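Q: Below you will find the structure I want to go over with you.
The values are calculated or read from the model by the stated rules, or taken from the named source; none is laboratory data. Keep in mind that what you see is a predicted model, and the values were worked out from it rather than measured. When we count neighbours, we look across all protein chains shown, and the Cβ atoms used for this are built from the backbone with ideal geometry, even at glycine. Ligands, DNA and RNA are stripped out before the accessible areas are found, and what is left, the full protein with its side chains, is counted by its heavy atoms. Shrake-Rupley method; radii C 1.70, N 1.55, O 1.52, S 1.80 Å.
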Amino acid sequence: MQKSRSIWTLLIAISASVAIAAHYLQLPLLHWIAKPLATLLIVAMALSLSTADPAYRRWIVIGLLWSTLGDVLLMLPGDYFLHGLVSFLVAHIAYLVAFSKRERLLASPGPFAAYALVAIVVLTYLWSGIPAPMRIPVVVYVTALGMMAAQAAAIWTIRRDRLSALAAVGGA
């Protein structure tokens, strides 16, 4: 199991590194291949590992697939920002559903208060640069993102295990 996880991790790290390097080296085709490949490798890893909770894994995989679509939409030539935003919104809702399979929503309110404060600060900072027609979609997105991150952190405050810590870091 550990060897399999290490191989997946290595492949994911290589693909992500290639995507980052290709972006900065202005090699768009390589970037367009490597960036979604990194996320699809994470999907493959998630599907290959055993789990005691298939519903949790299913929702995580759904979120990863929607995240991949969001990445692709944002890389396409043209203005697909709203499409990408919606894809990532659906992804974060899937992650929130997954995390809510581990503990009930709002089981630990502290992280929700902290992430609400972070969301308010981020929105305040960005607000003047957000075009008026995009303000409501961005607020909805930031709210979903904050709730997902807060739920992941809330689980960690309750369980204090490795999986919960990884989810909390990923959510943050």
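Q: Of the conditions (1) modelled with pLDDT under 95; (2) part of a helix (DSSP H, G or I); (3) more than 17 Å from the chain's Cα centre (by Cα), S50 fails just one. Which one is it?
A: Unmet for S50, out of (1) modelled with pLDDT under 95; (2) part of a helix (DSSP H, G or I); (3) more than 17 Å from the chain's Cα centre (by Cα): (2).
Q: Given the residues L145, L163, which is the only one that is under 24 Å from R104 (Cα atoms) and either more than 12 Å from the chain's Cα centre (by Cα) or open to solvent by 70 Å² or more (accessible area, probe 1.4 Å) (or both)?
A: From the options L145, L163, the qualifying one is L163.
Q: Right, another one. Could you name every one of the helices (runs of 4 or more DSSP H) located completely within region 57-172 that has at least 2 residues being in contact (Cβ under 8 Å) with a residue 24 or more places away in the chain and among the polar types (S, T, N, Q)?
A: Qualifying helices (runs of 4 or more DSSP H): 135-159.
Q: Turning to a different aspect of this structure: Looking at this structure, is L40 open to solvent by 30 Å² or more (accessible area, probe 1.4 Å) and either modelled with pLDDT of 95 or more or part of a helix (DSSP H, G or I) (or both)?
A: Yes.
Q: OK, next. Can you pull out every residue in region 16-33 that is open to solvent by less than 90 Å² (accessible area, probe 1.4 Å) and over 19 Å from G63 (Cα atoms)?
A: Result: S17, V18, A19, A21, A22, L27, P28, L30, H31.
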